[in-house]
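Here the structure is laid out as C-alpha cells; the discussion comes afterwards.
The values are calculated or read from the model by the stated rules, or taken from the named source; none is laboratory data. Predicted model only: the values in this text are computed from it and were never measured. Backbone-built Cβ (ideal geometry, glycine too); neighbour counts: all protein chains shown. Heavy atoms of the whole protein, side chains included, go into the accessibility calculation; ligands, DNA and RNA do not. Shrake-Rupley method; radii C 1.70, N 1.55, O 1.52, S 1.80 Å.
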Amino acid sequence: MTKYRKRMLILIISFGIIIYALIFLFSLERVQDKKEHLLIKDVGHLYPTYVKKIVRDNQTEQIKEVLADAREKNLNVSIAGSQHSQGGHTYYKDSVVLNMKDYDKILNLDLQNKVITVQSGATWDDVQNYINPYNLSVKVMQSSNVFTIGGTMSANAHGRDLDKTAMISTVKSFRLLLANGTIIKVNRTENSELFDLVIGGYGMFGVILDADIQLIDNEIYRTTTKSVNYREFPDYFATHIKNNESIALMLVRPSIDPNSLFEDLTIFTWGKTNQPLNSTLIPLTKEEHVIRDKFLFGLSRKYDWGKELRWYLQKKIESGENRLISRNNAMRPPEAPIELLEHNSESDTDILQEYFIPTRNFVNFSEDFIQILKEDDVNVLSFTIRYVAPNNESLLSYSHNEESFAIIYYSNVKLREKELKKTEITVQKMVDLAIKNNGTYYLTYNLYPTQEQIR
C-alpha cells in the first residue's frame, strides 16, 4: 500500500469517526431532551405538546410536593385523568402534568345515606365495581365509564338520567388542594364560591382530591325504542317522556345514513319496573363482539354505504327492544361501548363536538345543522341527543336558564392541514348556529371556536 493510500485511508477512517461522534452526540442530546421535554397528546391526537414532566403520585403529600416544586420553579401545572378533554385542559406547554389515575382509592361508602367518598383519579368503572354488590348505582355520569371522577367534575359532565342531568347536582362536597398547598373542604355552604367554580372549571382552581357523591338504588329497567322524525321529537319528548316518572333514562340516536342524515331518530328509554334484582341481572356486563363492531364502524368511516349498513343493522337489531337490564349495566359496556370507538391512525382521527340547544329551538337548529353537515361534507360517524335540565349552580353552566337538548356528533377528520382548517371552519359555523338559537357549546372539545365565540 502506498503512503498516499495509507493517508487517504486514515483520513477516511478519521472522518468516519468524527461523523459518528457527531451523530452520537446529537442522538444523546435528543434523548436527554426527550427526558426533559416529554411529548404528550390527548385522545384526539390533534395537539401534541412538549411538557417538562409527567407525575403519577398516589399520596396526597407527594402531590403537595409536586405543587411546591412547581411554584419554586415557576412552572404551570396541568391536571389529567383519562385525557379525553381535547381543549388543552389536561396538559400545557412546558408544564408539569399531574396524572391522577393512580390516586384512585374508594375511601368510604355510607350505605344509609347512599353516599360514596372516592379519590378523584378513580374511574366510574371502579365505582360501579365497588357499589354493585351493595345494590347501588351512579346517579349521573357520562355514557362511558372510563372517565375519572375528577375529570367528570371538572367538565361538569351530564348523563342519561332525566331527573338529575348534570354532575354538579350529585356532588355533596369535595376536598380541594390549592396552588399554595392548602387543603380545604368545599360544599354548598363551606367555601361555596369554589363549589360553583371548580365543578365545570376544568382544573383552573386547584386539584380535586376526593369527593362525596350521591348514589341511587340499582333498579331494574325495561328498555323500549321509538322512531320519530326530528320535527316530531320535541313534542313527543314533552308529551311522553319528560313528565313520565316511570322513565329513568333516555338516549336518542339520529340517523347516520346520508339519505336520512339526522332526520330519523331512534329514542331509547329505560323504564322502571317492579322486577327484583336477581343473579342474572346483577353481574356487571362487559363489551361484546368488539372485532365485528369495529369492522362495521371502520366501514362507516370510509364509505357512505357503510353508514347506510350500520344504520340499517342498528335499527333492525334494536327496533322494539323489550328487555330487562340493571341501572348499572345501562351505564356501562356494551350499552355504552368503549373499545369499539378506539381508533389509532397516523392519517386521521375521530373528534367530538357538542351543542346545548333550548328544546324550543331544537327544530330550527336541526334544519340548519343538517344543511351545514351536508354542505361541508362532514364524515359523521354517530350522533346522540340527551336531555339537560336547567342548572345554574356552575359558573360555566352550559344550561343556565332553560331545558336543552345536548346534541353530540362524532366525526372522522383527516390529519392534513387543509382538512383540519376545513373542520375548524365547520365547527365555527356550528357554534354560530348554536349561539343564534340561544344555545351554548361544550368547552371540553377542540380549540376551534374563535375568541369572540368563547366570550
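For the condition out of contact with any Phe, Trp or Tyr (no Cβ under 9 Å at 6 or more places or on another chain), open to solvent by less than 50 Å² (accessible area, probe 1.4 Å), part of a helix (DSSP H, G or I) and not polar (S, T, N, Q), what is the one hit in Leu284, Leu313, Leu296? Only one candidate qualifies: Leu296.
Of the helices (runs of 4 or more DSSP H) lying entirely inside segment 361-455, those carrying at least 2 residues that are in contact with a Phe, Trp or Tyr (Cβ under 9 Å, 6 or more places away or on another chain) are 362-375, 417-436. Please find, among Asn243, Asn259, the residue that is closer than 23 Å to Ile385 by Cα and modelled with pLDDT of 95 or more. Residue meeting the stated conditions: Asn259. Could you name every one of the strands (runs of 3 or more DSSP E) located completely within segment 106-214 that has at least 1 residues being modelled with pLDDT of 95 or more and crowded, with 20+ Cβ neighbours inside 10 Å? Filter on segment 106-214 gives 115-119, 136-138, 171-177, 183-187.
Got a number for residues in segment 402-455 being polar (S, T, N, Q), closer than 23 Å to Met250 by Cβ and open to solvent by 30 Å² or more (accessible area, probe 1.4 Å)? The qualifying residues number 2. Looking for something surrounded by 19 or more Cβ atoms within 10 Å (Cβ to Cβ) and of a type in the set (Phe, Trp, Tyr) - is there at least one such residue anywhere in segment 87-104? Checked segment 87-104: at least one residue is surrounded by 19 or more Cβ atoms within 10 Å (Cβ to Cβ) and of a type in the set (Phe, Trp, Tyr). Checked against the criteria, Thr152 counts as farther than 30 Å from Ser279 by Cβ, polar (S, T, N, Q) and out of contact with any Asp or Glu (no Cβ under 7 Å at 6 or more places or on another chain). Among residues of segment 402-421 that are within 15 Å of Thr440 (Cα to Cα), those with a beta-carbon under 7 Å from a residue that is at pLDDT 95 or above and basic (Lys, Arg) at least six positions away or on a different chain give the pairs Ala406/Arg386. Among the residues making up segment 324-369, those that are modelled with pLDDT of 90 or more, among the acidic types (Asp, Glu) and surrounded by 18 or more Cβ atoms within 10 Å (Cβ to Cβ) are Asp350, Glu354.
Taking each residue of segment 435-455 that is more than 16 Å from Ile425 (Cβ to Cβ) and looking for partners that are of a type in the set (D, E, K, R) and open to solvent by less than 80 Å² (accessible area, probe 1.4 Å) with beta-carbon atoms closer than 7 Å, six or more apart or interchain, yields Tyr442/Glu354.
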